[in-house]
Each structure stands twice: as structure tokens, then as C-alpha cells.
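Some notes on the structure that comes next.
The values are calculated or read from the model by the stated rules, or taken from the named source; none is laboratory data. Quick caveat: nothing in here was measured; it's all calculated off a predicted structure. As a convention, Cβ positions derive from the backbone with ideal geometry for all residues, glycine included, and neighbour counts pool all protein chains shown. Accessible surface areas use protein heavy atoms only, side chains included; no ligands, DNA or RNA. Shrake-Rupley method; radii C 1.70, N 1.55, O 1.52, S 1.80 Å.
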Amino acid sequence: MSPPTERLVANREIPEHVPLRPTGDVPVIVRVVWTDGTEEWRPARAVRWTSTHVMVAWRDDERDPRSERHEWLRAGDVARSVSWLVGPERASR
């Protein structure tokens, strides 16, 4: 059985100048667009950043530390919180 192939992030973008050391470890929510066109918002951690880009880290499998991945995203695809999420409709009483 062959190992699963890693999904590729289509909206990744490496900044012109990359910080050499980690900048922090801040919980964030990131917009990820996969190469197959699927878009998702997922929890991650911001570990390095510039004024235009953020390196984020997340695990594809929370139980497996080896599944951690690091991706550079544009700052506009990274948020500390969101207020636009809409919860499920409540049933009428």
C-alpha cells in the first residue's frame, strides 16, 4: 500500500524576505485553497511573519506530530478571530 500523497496549497506564497527565526506562536484561523480548488478555513498557529505574509503551521492529523506542515500565506488569508461565521439555523419552536 502506497503512502497518501500530501495535498498541495494553491494559495501559498513565499515573501521576498523571510525571517530566519520564529517570530511567535499565535493561534490563528487560515484560509487554505487546495490545488484541486477546494477552499477551507482551518485553525493553525502563526510562527513567523512579515508585514505582508505569515508562516502558519498545522497538523493534517492532530494525533501525528509528523503530519505538521508549514506554509507561507498572504496576511489577508490569516486572522486571529472572525465575526462573519454564521451558525446553523435553529429549528422553529
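Restricting to the range 7-20, name every residue that is in contact (Cβ under 8 Å) with a residue 24 or more places away in the chain and either open to solvent by 70 Å² or more (accessible area, probe 1.4 Å) or within 13 Å of the chain's Cα centre (by Cα) (or both).
Filtering the range 7-20 for residues in contact (Cβ under 8 Å) with a residue 24 or more places away in the chain gives 7-15, 17-19.
Residues satisfying the conditions are 7, 8, 9, 10, 11, 12, 13, 14, 17.
I'd like to verify a number: residues in the range 48-81 that are open to solvent by less than 70 Å² (accessible area, probe 1.4 Å) and within 15 Å of residue 12 (Cα to Cα), how many?
Summing the residues that are open to solvent by less than 70 Å² (accessible area, probe 1.4 Å) and within 15 Å of residue 12 (Cα to Cα) in the range 48-81 gives 15.
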